[in-house]
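Engineer: Before anything else, here's the structure in question.
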Amino acid sequence: MTRLLVYNESGLVVLNLNETSGLDPRFSEGVRSVIMLYISLLMMVTIFGNILVMVAFIVDKSLRTQSNFFLLNLAICDFFIGAFNAPLYVLYLLTGKWMLGKDICKLWLITDYSMSTASAFNIVLISYDRFLCVTKALLYRSVQKRHGQTALKMASIWVVSFLLYGPAILFWEAIFGKKEMAESECTPAFSDTWSFFLGTSIFDFILPLISISHFNLSIYWSITKRSKKKRQQSAPPSSALRENHGKPPYIIATTLVLSTDRMKISVPLRKKVKKSLSQCFQTKDTLQMDNVSNTYNIHVLQLSRDKKVAKSLTILVCIFAMCWAPITFLISVRTACRGYCIPSYWYDITVWILYTNSAINPILYPLCHKRFRKAFSIIFRLKKQNS
């Protein structure tokens with residue numbers, strides 16, 4: 001997010017322009033080419049990936065569950081970052097001046113701050129949803145059917161994200177006095193207020209990071225406990241039954257089975273006889289063994305699924321921290337020291353690291369989801385048929 005003035009070594013705002021080229025003289029032609037290549041690729045991946053997620057909801061109605069709606073909410077935030085916030089910032093970055101007027105400037109700042117914050121909050125909501133799915137399955141199933149609560153959670157993300165920065169962007173100058181700012185500058189009026197950034201950083205980075213870390217650790221410990229419990233079972237289901245009953249399950253035989261060789265029954269007929277006998281003459285012990293085996297398989301599948309969720313959440317926490325921590329730390333330090341201690345280009349780098357998170361999210365969430373991949377394959381097949 002664009003949160004700071006660009007300072008030079010003396011602590012003044014850098015607004016000098018190259019009058020001949022119209023581009024900021026901080027960047028050579030080679031550096032500008034690399035920046036444009038990286039940013040163009042980043043915006044393409046962000047826009048295409050998040051559009052794909054949104055189209056999947058239209059194509060495949062089975063995706064319209066509570067957890068997937070949270071993924072849709074995240075995709076909408078990241079799409080706006082790639083389609084609106086990033087292009088305007090790269091123009092501002094390369095020219096060193098804002099050329100679209102104050103009204104568009106305020107709109108861009110509100111969108112930039114709100115969308116980036118909403119993206120972080122959506123990640124927290126997705127982590128919480130998976131936490132309930134793994135650790136509180138009964139509660140999770142009951143919540144799944146409450147579509148009103150799902151819509152309320154999604155809407156609250158947008159409202160809270162706007163309230164965190166929007167009023168300050170709109171009314172800071174009216175409350176605390178107008179700040180001298182050049183027409184070619186587009187920065188929020190609170191850009192040099194260290195206490196404000198420290199307070200907002202608690203809500204848009206520190207608390208989300210603590211939350212998703214807590215949910216991930218809770219899932220990990222839940223899986224660990226269940227794995228230990230399963231390992232305490234000393235034998236597989238079939239041998240366990242033999243130990244409990246002291247003898248193998250009963251075998252039901254009939255004259256028809258015993259005389260199959262003499263009657264020279266064909267192989268297909270023998271298979272049908274065997275199947276019908278197994279369905280009609282199961283004893284109590286054989287039925288119990290089947291139930292134990294089925295229960296064991298269900299638990300194994302659940303543990304396997306939960307381990308995958310835990311791994312995905314671990315990756316989520318690491319990527320979230322790597323994308324948000326640099327800019328949060330840099331903003332706090334630079335605002336406190338008025339730009340004397342950190343070169344301005346480090347701020348530009350951390351902004352684009354933050355924007356990179358919006359390109360990674362469609363890969364980290366929906367593209368790793370089996371049902372989403374099926375929906376994507378349907379989309380590509382329809383595209384081939386139409387072409």
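Engineer: Quick check on this structure: which one of V53, V45 is surrounded by 18 or more Cβ atoms within 10 Å (Cβ to Cβ) and either outside any helix (DSSP H, G or I) or in contact with a Pro (Cβ under 9 Å, 6 or more places away or on another chain) (or both)?
Structural biologist: Only one candidate qualifies: V53.
Engineer: Would you confirm, using the coordinates I've provided, whether V59 is open to solvent by 30 Å² or more (accessible area, probe 1.4 Å) and more than 15 Å from the chain's Cα centre (by Cα)?
Structural biologist: Answer is yes for this residue.
Engineer: Where residues in the range 346-381 are over 21 Å from A118 (Cα atoms) and at pLDDT below 80, which of them is least open to solvent (accessible area, probe 1.4 Å)?
Structural biologist: Filtering the range 346-381 for residues that are over 21 Å from A118 (Cα atoms) and at pLDDT below 80, the one least open to solvent (accessible area, probe 1.4 Å) comes out as H369.
Engineer: A further question follows. Whether any residue in the range 93-107 is surrounded by 24 or more Cβ atoms within 10 Å (Cβ to Cβ) and closer than 30 Å to M181 by Cα is what I want to check.
Structural biologist: No, every residue in the range 93-107 fails to be surrounded by 24 or more Cβ atoms within 10 Å (Cβ to Cβ) and closer than 30 Å to M181 by Cα.
Engineer: Let me spell it out: the conditions are (1) under 30 Å from F380 (Cβ atoms); (2) open to solvent by 40 Å² or more (accessible area, probe 1.4 Å); (3) not aromatic (F, W, Y), and I81 meets all of them except one. Which number is the exception?
Structural biologist: Here I81 clears every test but (2).
Engineer: Return a yes/no flag: does the range 181-188 have any residue that is in contact with a Leu (Cβ under 6 Å, 6 or more places away or on another chain), more than 22 Å from Y89 (Cβ to Cβ) and surrounded by 17 or more Cβ atoms within 10 Å (Cβ to Cβ).
Structural biologist: No.
Engineer: Please state which of the following conditions M154 fails to meet, knowing it meets all the rest: (1) more than 20 Å from the chain's Cα centre (by Cα); (2) closer than 30 Å to K311 by Cβ; (3) modelled with pLDDT of 85 or more.
Structural biologist: Single failed check for M154: (1).
Engineer: Within the range 171-209, track down each residue that is aliphatic (A, V, I, L, M), touching a helix residue (DSSP H, G or I) at 6+ places or on another chain (Cβ under 7 Å) and within 25 Å of G101 (Cα to Cα).
Structural biologist: If the condition is that a residue be aliphatic (A, V, I, L, M), touching a helix residue (DSSP H, G or I) at 6+ places or on another chain (Cβ under 7 Å) and within 25 Å of G101 (Cα to Cα), then A189 is the only one that fits.
Engineer: Looking at the range 68-76, can you tell me whether even one residue there is of a type in the set (S, T, N, Q) and within 21 Å of the chain's Cα centre (by Cα)?
Structural biologist: Checking the range 68-76: at least one residue is of a type in the set (S, T, N, Q) and within 21 Å of the chain's Cα centre (by Cα).
Engineer: Further, regarding this structure: For L170, which of the numbered conditions (1) touching a residue at least 60 places away in the same chain (Cβ under 8 Å); (2) under 30 Å from C318 (Cβ atoms) fails to hold?
Structural biologist: (2)
Engineer: Within the range 108-156, can you find the residues that are surrounded by 15 or more Cβ atoms within 10 Å (Cβ to Cβ), free of Cβ contacts under 8 Å to residues at least 40 places away in the same chain and farther than 21 Å from N85 by Cβ?
Structural biologist: L132, Y140
Engineer: Give the residues of the range 357-387 that are part of a helix (DSSP H, G or I) and under 13 Å from the mean Cα position of the chain (by Cα), sorted by residue number.
Structural biologist: Once the filter is applied, which keeps residues that are part of a helix (DSSP H, G or I) and under 13 Å from the mean Cα position of the chain (by Cα), the range 357-387 yields N357, S358, A359, I360, N361, P362, I363, L364, P366, L367, C368.
Engineer: Hey, any hits in the range 84-94 for a residue that's aliphatic (A, V, I, L, M) and without any contact (Cβ under 8 Å) to a residue 40 or more places away in the chain?
Structural biologist: Yes, because at least one residue in the range 84-94 is aliphatic (A, V, I, L, M) and without any contact (Cβ under 8 Å) to a residue 40 or more places away in the chain.
Engineer: Shifting gears a bit: Restricting the range 16-35 to residues that are farther than 18 Å from W98 by Cα and exposed (fewer than 13 other Cβ atoms within 10 Å of the Cβ), which is modelled with the lowest pLDDT?
Structural biologist: In this case the residue turns out to be S28.
Engineer: I'd like the full set of residues that are farther than 23 Å from L37 by Cβ and touching a Phe, Trp or Tyr at 6+ places or on another chain (Cβ under 7 Å), limited to the range 352-387.
Structural biologist: Passing the criteria: only P366.
Engineer: Here is a follow-up. Just wondering, is there one or more residues in the range 191-208 that are modelled with pLDDT under 75 and not acidic (D, E)?
Structural biologist: no
Engineer: Just to be sure I understand, how many residues within the range 59-82 are part of a helix (DSSP H, G or I) and among the acidic types (D, E)?
Structural biologist: Summing the residues that are part of a helix (DSSP H, G or I) and among the acidic types (D, E) in the range 59-82 gives 1.
The values are calculated or read from the model by the stated rules, or taken from the named source; none is laboratory data. This is a predicted model, so every value here is computed, not measured. Cβ: placed from backbone, ideal geometry, glycine included. Neighbour counts: every protein chain shown. Heads up: the accessible areas ignore ligands, DNA and RNA and are worked out on the full protein's heavy atoms, side chains in. Shrake-Rupley method; radii C 1.70, N 1.55, O 1.52, S 1.80 Å.
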